[in-house]
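The values are calculated or read from the model by the stated rules, or taken from the named source; none is laboratory data. Please read all numbers here as calculations on a predicted model, not as lab measurements. Backbone-built Cβ (ideal geometry, glycine too); neighbour counts: all protein chains shown.
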Amino acid sequence: KDQVIYFVGPCPAPPGRPIGSAGPTTSYRMDAYSPRLLEACGLRGMIGKGARTSPVVEAMRRCGAVYFAATGGAGALIAQCIKRCELIAFPDLGPEAIYRLEVEDFPLVVATDANGATLYS
């Protein structure tokens, strides 16, 4: 509730770092689940790359959520902004497990705002 989800499959953490390269993955693959996360779980935002389908944009508008775009190919730079990484659930999934990330100066662009306006159209 009231959290932001980052669609990412990070690389293993090198020594002394909380996480390895952490570039965004294509958000479209999560579009079947995103409206439910927004409406039932109170998700406030999503981070990924690429355009979202109209049902997701409409659910974001109804729920007042925002979609942020992270730059593909910038995973090493993005990883430097992740200060802490804590495993929350599904450790057997490895990089696809659920982690809580603490970030600082995370480089994002608002790609779809809470009113449904999007950079992709």
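Filtered by the rule that a residue be closer than 23 Å to residue 45 by Cβ and assigned to a loop (DSSP other than H, G, I, E, B), the stretch 4-16 gives 7, 9, 10.
Considering the stretch 65-121, the qualifying strands (runs of 3 or more DSSP E), each wholly inside and each with 3 or more residues that are at pLDDT 95 or above and more than 22 Å from residue 38 (Cα to Cα), run over 82-89. Of everything listed in (1) in a loop (DSSP other than H, G, I, E, B); (2) touching a residue at least 60 places away in the same chain (Cβ under 8 Å); (3) of a type in the set (D, E, K, R); (4) loosely packed, with under 15 Cβ neighbours inside 10 Å, the single unmet condition for residue 1 is (2).
Results for (1) hydrophobic (A, V, I, L, M, F, W, C); (2) in contact with a His (Cβ under 7 Å, 6 or more places away or on another chain); (3) surrounded by 14 or more Cβ atoms within 10 Å (Cβ to Cβ); (4) at negative phi, shown as yes or no for each residue.
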{"residue": "11", "(1), (2), (3), (4)": "yes, no, yes, yes"}
{"residue": "50", "(1), (2), (3), (4)": "no, no, yes, no"}
{"residue": "69", "(1), (2), (3), (4)": "yes, no, yes, yes"}
{"residue": "76", "(1), (2), (3), (4)": "yes, no, no, yes"}
{"residue": "86", "(1), (2), (3), (4)": "no, no, no, yes"}
{"residue": "96", "(1), (2), (3), (4)": "no, no, no, yes"}
{"residue": "103", "(1), (2), (3), (4)": "yes, no, yes, yes"}
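The residues of the stretch 66-98 that are under 23 Å from residue 16 (Cα atoms) and touching a residue at least 40 places away in the same chain (Cβ under 8 Å), listed by number, are 73, 74, 75, 76, 78, 79, 82, 83, 84, 85, 95, 96.
Against the definition (assigned to a strand (DSSP E or B) and either touching a residue at least 24 places away in the same chain (Cβ under 8 Å) or closer than 22 Å to residue 119 by Cα (or both)), how does residue 19 come out, yes or no?
No; evaluated as a whole, the condition is false for this residue.
Restricted to the stretch 57-77, and to residues there that are hydrophobic (A, V, I, L, M, F, W, C) and in contact with a strand residue (DSSP E or B) (Cβ under 8 Å, 6 or more places away or on another chain), the residue that is nearest to residue 8 (Cα to Cα) is 70. Somewhere in the stretch 39-48, is a residue free of Cβ contacts under 8 Å to residues at least 40 places away in the same chain and not aromatic (Phe, Trp, Tyr)? For the stretch 39-48, residues free of Cβ contacts under 8 Å to residues at least 40 places away in the same chain and not aromatic (Phe, Trp, Tyr): present.
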